[in-house]
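**Q** Quick one: structure below, then a few questions.
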Amino acid sequence: MKKQLNKLVENPFAGFAVVVVVLLVIGGAVVLIFTGDDDSPETAKTKTEKKKSKDDPLIEKLKKRKVKPAPVRRSPGTLDVARSEGRLAVAQARGRIKNPSGVSVRVSAAPKQEVTVDYQLSCYKAVGKTSQTRIANKRYRVTPPNTRPLSLPMSGADECTVSVGAQLTTGGSNGRVKVAVVTG
């Protein structure tokens, strides 16, 4: 052993090589310890959940469902209607309006209780080679039945997209909420 140490001292390049190899071995061991396969309960739980989600037919069915495109309306009338039930039920209606002249939101709830309504209305207008877009979004509270006209963010728009959400605010017992977007 002394002879080998003396050889390393006499030849500094060989000593340097030995130190590098030792550091690589120690570093590799540390990396394996910290990034190796972890059999902790959390990891096992995550693996179990992933396996269940693959086996659950409801999840597979939901993954395959197609999202309906937003309704489009060119003339006055009801654009979209949404309903929901529950303690703090939320109903969301949406759609696109071609050449809008006006938009209203109609809200109802049972039993009669206060509802919070959030809406966003974004309108687009082509102007020569460019375009203009304006957005209006607001929140209001109302005790239904109620119909409220929304002011368009710009006049003479080519198209507007509207999204409205209505949520029960009391949260006591189960209730129902219904929201409709009406054009014209």
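**Q** Is it fair to say SER75 is in contact (Cβ under 8 Å) with a residue 40 or more places away in the chain and surrounded by fewer than 13 Cβ atoms within 10 Å (Cβ to Cβ)?
**A** Values: in contact (Cβ under 8 Å) with a residue 40 or more places away in the chain: yes; surrounded by fewer than 13 Cβ atoms within 10 Å (Cβ to Cβ): yes.
Against the criterion (in contact (Cβ under 8 Å) with a residue 40 or more places away in the chain and surrounded by fewer than 13 Cβ atoms within 10 Å (Cβ to Cβ)), SER75 qualifies.
**Q** Quick check: anything in the stretch 116-128 within 22 Å of the chain's Cα centre (by Cα) and among the basic types (Lys, Arg)? Working first, answer last.
**A** Taking the stretch 116-128 as the starting set, the residues that turn out to be within 22 Å of the chain's Cα centre (by Cα) are 116-122.
Still in the list and also among the basic types (Lys, Arg): none.
No.
**Q** Further question on the same structure: Among the strands (runs of 3 or more DSSP E) confined wholly to the stretch 97-184, which include 3 or more residues that are free of Cβ contacts under 8 Å to residues at least 24 places away in the same chain? Working first, answer last.
**A** On the way: elements: 103-110, 115-127, 130-142, 146-150, 159-168, 175-183.
Counting at least 3 such residues, we get 130-142.
**Q** Please verify whether TYR140 is surrounded by fewer than 16 Cβ atoms within 10 Å (Cβ to Cβ), among the aromatic types (Phe, Trp, Tyr) and in the same structural domain as GLY175 (by TED's automatic domain parsing), treating the condition exactly as stated. Step through it out loud before you land on a result.
**A** Working: surrounded by fewer than 16 Cβ atoms within 10 Å (Cβ to Cβ): yes; among the aromatic types (Phe, Trp, Tyr): yes; in the same structural domain as GLY175 (by TED's automatic domain parsing): yes.
Judged against the criteria, TYR140 is a match.
**Q** Output the residues belonging to the stretch 121-130 that are polar (S, T, N, Q) and either more than 17 Å from CYS160 (Cα to Cα) or loosely packed, with under 15 Cβ neighbours inside 10 Å (or both). Before the answer, list the steps.
**A** In the first step, residues of the stretch 121-130 are kept if they are polar (S, T, N, Q); the result is 122, 130.
THR130, the sole residue that qualifies.
**Q** Still on this structure: Give just the number: which of (1) among the charged types (D, E, K, R); (2) surrounded by 14 or more Cβ atoms within 10 Å (Cβ to Cβ); (3) within 30 Å of GLY172 (Cα to Cα) does ARG96 not satisfy?
**A** The failed condition is (3).
The values are calculated or read from the model by the stated rules, or taken from the named source; none is laboratory data. Please read these numbers as outputs of a predicted model, since none were measured by experiment. Don't worry about glycine lacking a Cβ; one is built from the backbone with ideal geometry, like all the others, and counts go over all protein chains shown.
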